[in-house]
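To start, the structure under review is shown below, and the notes come after it.
The values are calculated or read from the model by the stated rules, or taken from the named source; none is laboratory data. This structure is a prediction, so every number in the text was calculated from the model and none was measured. Cβ coordinates were reconstructed from backbone atoms using ideal geometry, including for glycine residues, and neighbour counts include every protein chain displayed. Calculation scope for accessible area: heavy atoms of the full protein, side chains included, ligands and nucleic acids excluded. Shrake-Rupley method; radii C 1.70, N 1.55, O 1.52, S 1.80 Å.
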Amino acid sequence: DMGGHDTYMHKEIFEQADAVDRVLRGRIDDRFSTVHLGGLNLDAREARGVRRIKILGCGTSYHAGQIGAQLIEELARIPADAEPASEFRYRNPVVDPDTLYVAVSQSGETYDVLAAVQELKRKGARVLGVVNVVGSAIAREADGGTYVHAGPEVCVVSTKCFTNTVVAFALLALHLGRIRDLSVADGKRIIDGLRRLPEQISEILAGEDEIKRLAAEYADAKSMMFIGRVRGYPVAREASLKLKEVSYIHAEAYPASELKHGPLALIEPAMPTVAIVPDDDLLEKNRAAMEEIKARSGRILAVAHQAQEKADHTIVVPKNENELDPILMGIPLQLFAYHTALAMGRDIDKPRNLAKSVTVE
Ligand code: F6R
């Protein structure tokens with residue numbers, strides 16, 4: 001049942017305010033400005049002993065894990081990084097007893113992730129799951145974890161589960177942070193930010209007509225560049241993947257800082273750039289990158305907290321706490337990919353060559 005939407009992708013994009021509400025529900029502890037994640041199976045003493053966090057996933061779940069790693073570093077000050085599960089499992093990684101491993105998967109059935117979890121377990125590592133489908137293989141195999149409560153996702157292209165997974169990581173980061181050095185005041189600041197998300201998501205989705213108009217404006221592109229830095233970079237990568245999957249327009253994502261080390265050679269009017277430009281301490285750096293693109297007659301669509309002078313168009317999104325901004329900045333670009341694909345007559349819910357869960361190697 002698509003509930004009045006023409007595609008599951010559209011329905012699932014529009015379910016995000018409710019979905020985020022669901023992942024937050026019952027977990028916030030205002031008394032201690034923290035959150036409770038019932039299924040982690042990691043007590044406070046064990047959590048304090050974690051020296052490093054390694055997040056493993058594929059595709060969109062890997063990108064959600066990249067934002068998750070940044071959230072964990074920022075809020076809990078634990079070194080963290082994300083890696084594609086398949087790369088990890090084929091490179092004979094050093095498995096360290098003080099590292100906490102986190103497997104991320106919507107379906108909970110992705111073979112490369114499951115195989116990585118099994119290899120880690122065999123070596124005695126502790127593995128948590130951040131999974132959407134309850135009772136799935138990865139959820140069962142993990143030592144504990146948290147469900148992301150996005151609800152069923154039918155469209156092959158993941159949207160609401162990406163957003164909810166990042167919110168679940170924010171909860172995990174806040175929980176670990178409050179056991180370690182995150183202050184009560186900062187815990188409260190993040191909780192207040194999380195509570196604002198559902199309404200801000202609705203606000204972004206209310207701008208659909210404008211995003212649809214912009215999608216038509218850029219639909220002639222043969223290829224698009226997506227740039228961002230630090231918090232904005234995984235957002236750029238995910239937005240680039242969405243556009244590729246659903247519209248079949250070639251897209252690539254680069255850290256804005258890497259442009260001058262090669263990809264600037266590609267910039268010309270036929271290669272527009274989508275720039276993720278949060279209003280944080282890197283704003284000036286991002287403006288400088290847009291200036292470099294403009295100087296090569298590149299067209300720019302910015303996603304930012306206020307209209308960007310250097311950009312041809314800006315999608316303005318509501319500001320949250322700096323750490324939580326990436327959660328919101330990807331959402332208009334889901335709609336951008338959707339409307340681009342729709343205008344091109346693509347099979348939106350079942351893009352060619354793709355399957356919802358990849359249970360083979
Ligand atoms: C992207 C997409 C894929 C999946 C990837 C992992 O829209 O659908 O990149 O994210 O195959 O799938 P899960 O999360 O089920 O492990």
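Looking at the range 27-108 alone, DSSP beta bridges between its own residues are antiparallel in about 15 percent of cases.
Placing a label point 7 Å from the Cα of E73 along the Cα-to-Cβ direction, the residues of the range 218-248 whose backbone N falls under 20 Å from that point are 227-239. Taking 7 Å steps out from each Cα toward its Cβ at Y248 and K260 produces label points 3.9 nm apart.
Among bridges DSSP assigns within the chain, what percent are antiparallel (round to 5)?
5 percent
Among the listed pairs K212/K260; K222/K319; K160/K212; K222/K285; K11/K222; K285/K319, which have their C-alpha atoms separated by more than 22 angstrom in this model? With Cα atoms farther than 22 Å apart: K212/K260; K222/K319; K222/K285; K11/K222.
Of all aspartates and glutamates in the structure, those lying under 15 Å Cα to Cα from K356, and not within fewer than 8 positions of it along the same chain, are E12, E109, D112, E153, E245, D347.
Ranked from largest to smallest solvent-accessible area, with a 1.4 Å probe on the protein heavy atoms, R31, R48 come out as R31, R48. Report, ordered by chain and residue number, the lysines lying within cross-link reach of K123, taken as a straight Cα distance under 18 Å and ignoring same-chain residues fewer than 8 apart. Candidates past the 8-residue exclusion: K54. For the range 164-289, dividing the convex hull volume of the Cα atoms by the residue count gives 136 Å³ per residue.
Heavy-atom surface analysis with a 1.4 Å probe gives the range 63-135 a carbon and sulfur content of 47 percent of its accessible area. Averaging 1/r across all pairs of distinct Cα atoms in the range 205-361 and inverting the result yields a Kirkwood radius of 15.7 Å. The chymotrypsin sites (Phe, Trp or Tyr not before Pro) of the range 1-57 that DSSP puts in a loop, and whose beta carbon has at most 15 other beta carbons within 10 Å, are F32.
The largest-to-smallest principal axis extents of the Cα set in the chain are 55, 44, 43 Å.
Once you divide the Cα radius of gyration of the range 49-157 by 2.2 N^0.38 Å, the number left is 0.98. Only the Cβ atoms of Lys and Arg (+1) and of Asp and Glu (-1) were treated as charged; on that basis the dipole of the range 1-128 about its Cα centre amounts to roughly 700 debye.
Solvent-accessible area per residue in the range 290-340 equals 30 Å², computed with a 1.4 angstrom probe and all protein chains kept. Surface analysis of the range 1-160 yields an accessible area of 43 Å² per residue, using protein heavy atoms and a 1.4 Å probe.
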